[in-house]
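Down below is the structure, laid out as structure tokens.
The values are calculated or read from the model by the stated rules, or taken from the named source; none is laboratory data. The model shown is predicted, which means the values in this text are computed figures rather than measured ones. Here the Cβ is made from the backbone with ideal geometry for all residues, glycine too, and neighbour counts use every protein chain on show.
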Amino acid sequence: MTVVKICGIRTPDIARSALDAGADMLGLVFAASRRQVTPAAALAISQAVRQHPRGRQVRLVGVFVDHELEDMRQLAQQCDLDVVQLSGHEPLAIARALAPLAIIRAVRLAGDADEAPWLATDDTARVLVDAHVPGSYGGAGIVADWRAAAQLAHQRDILLAGGLSPENVADAIRAVQPWGVDVSSGVEEHGSKSAARIAAFIRAVRDADVTHTD
């Protein structure tokens, strides 16, 4: 089954709704963003997740952009994170320094020199393919380059992000065949996460999985 990551979670209630709907990963944004959470808010979400019947099956992902190594280590421990997502210009050495935490590295496939080492290795981090939007580090709602993502997906497991929604995620899965999909703005209404749209997104993914299997 395609792994589903709901990113930009800001409240315990939405976290619980995402778990009820079947999400596999929840993203908490620590980088500067309208979806940014404070450490205290992240801890409250983490505690709510771990108390949920599916709480230990779900992976909590901290999203960072060019943060200091020690800050990421501290927040990962404080908030019981399973995964660190690096969405800036972080060097490959950061992943090794954060071990044993699992790592996701966001790439935009724009030919940036700092992305090359991450694309050249397949055992250090999971790669998340996002849209190339100058000045943005994610959550812009712009569709990624599915053709380039599909080429990479033939070589390694990837997470596909960038402008996904309940309306287009099935097409994305058919076109790219990713290991997982990541959504943020596509499950929002009026700038906030919508439990109904999260549920619709996950239903669309599962329907696509069944169709692809058949």
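Taking the condition in contact (Cβ under 8 Å) with a residue 40 or more places away in the chain, over 14 Å from A106 (Cβ atoms) and buried (at least 21 other Cβ atoms within 10 Å of the Cβ), does I45 pass? I'd like the intermediate steps shown before the answer.
Numbers: in contact (Cβ under 8 Å) with a residue 40 or more places away in the chain: no; over 14 Å from A106 (Cβ atoms): yes; buried (at least 21 other Cβ atoms within 10 Å of the Cβ): yes.
Spelling it out, it is not the case that I45 is in contact (Cβ under 8 Å) with a residue 40 or more places away in the chain, over 14 Å from A106 (Cβ atoms) and buried (at least 21 other Cβ atoms within 10 Å of the Cβ).
Just to be sure before I move on: is D209 in contact (Cβ under 8 Å) with a residue 12 or more places away in the chain, more than 30 Å from V37 (Cα to Cα), over 14 Å from the mean Cα position of the chain (by Cα) and surrounded by fewer than 19 Cβ atoms within 10 Å (Cβ to Cβ) in the structure I sent?
yes
Of all residues in the stretch 90-132, how many are over 26 Å from A40 (Cα atoms) and part of a loop (DSSP other than H, G, I, E, B)?
Within the stretch 90-132, residues that are over 26 Å from A40 (Cα atoms) and part of a loop (DSSP other than H, G, I, E, B) number 14.
Taking the stretch 94-132 as the search range and keeping residues that are more than 20 Å from A172 (Cα to Cα) and modelled with pLDDT under 85, which one is surrounded by the most Cβ atoms within 10 Å (Cβ to Cβ)?
T124
Could you grab me the full set of residues in the stretch 169-185 that are out of contact with any helix residue (DSSP H, G or I) (no Cβ under 8 Å at 6 or more places or on another chain) and either part of a helix (DSSP H, G or I) or not acidic (D, E) (or both)?
Matches in the stretch 169-185: D171, G180, S184, S185.
Being of a type in the set (S, T, Y) and at pLDDT 85 or above, is that true of even one residue in the stretch 187-201?
Step one: of the stretch 187-201, the residues of a type in the set (S, T, Y) are 192, 194.
From what's left, at pLDDT 85 or above: 192, 194.
So far as the stretch 187-201 goes, yes, one or more of its residues are of a type in the set (S, T, Y) and at pLDDT 85 or above.
Kindly indicate the residue of the stretch 48-61 that is surrounded by 22 or more Cβ atoms within 10 Å (Cβ to Cβ) and in contact with a helix residue (DSSP H, G or I) (Cβ under 7 Å, 6 or more places away or on another chain) and also farthest from F30 (Cα to Cα) among those meeting that condition.
Filtering first and then ranking leaves V49.
Pull out all pairs, ordered by first then second residue, where Cβ-Cβ is under 7 Å, the residues are six or more apart or on different chains, the first lies in the stretch 154-177 and is basic (K, R), and the second is part of a helix (DSSP H, G or I) and surrounded by fewer than 22 Cβ atoms within 10 Å (Cβ to Cβ).
The qualifying pairs are R174/A208; R174/H212.
Just checking, which of G163, G135 is at pLDDT below 90 and assigned to a loop (DSSP other than H, G, I, E, B)?
On the way: G163 fails: at pLDDT below 90.
Sole residue among the options that is at pLDDT below 90 and assigned to a loop (DSSP other than H, G, I, E, B): G135.
Is at least one residue of the stretch 94-105 within 19 Å of R156 (Cα to Cα), of a type in the set (G, A, S) and free of Cβ contacts under 8 Å to residues at least 60 places away in the same chain?
yes
Could you list, in sequence order, all residues of the stretch 33-48 that are assigned to a loop (DSSP other than H, G, I, E, B) and either closer than 15 Å to Q85 by Cβ or β-branched (V, I, T) (or both)?
Matches in the stretch 33-48: S33, R35, V37, T38.
What residue, among those in the stretch 74-88 that are out of contact with any Leu (no Cβ under 8 Å at 6 or more places or on another chain) and not in a loop (DSSP other than H, G, I, E, B), is surrounded by the fewest Cβ atoms within 10 Å (Cβ to Cβ)?
Q77
Could you tell me whether A18 is surrounded by fewer than 24 Cβ atoms within 10 Å (Cβ to Cβ) and either among the aliphatic types (A, V, I, L, M) or farther than 24 Å from H89 by Cα (or both)?
When the stated conditions are applied, A18 does not pass them.
Give the number of residues within the stretch 21-42 that are crowded, with 19+ Cβ neighbours inside 10 Å, farther than 21 Å from V210 by Cβ and of a type outside the set (A, V, I, L, M, F, W, C).
The number of residues fulfilling the criteria is 2.
Can you name the residue in the stretch 1-18 that is more than 15 Å from the chain's Cα centre (by Cα) and not hydroxyl-bearing (S, T, Y) and is also farthest from D80 (Cα to Cα) among such residues?
Here the residue is M1.
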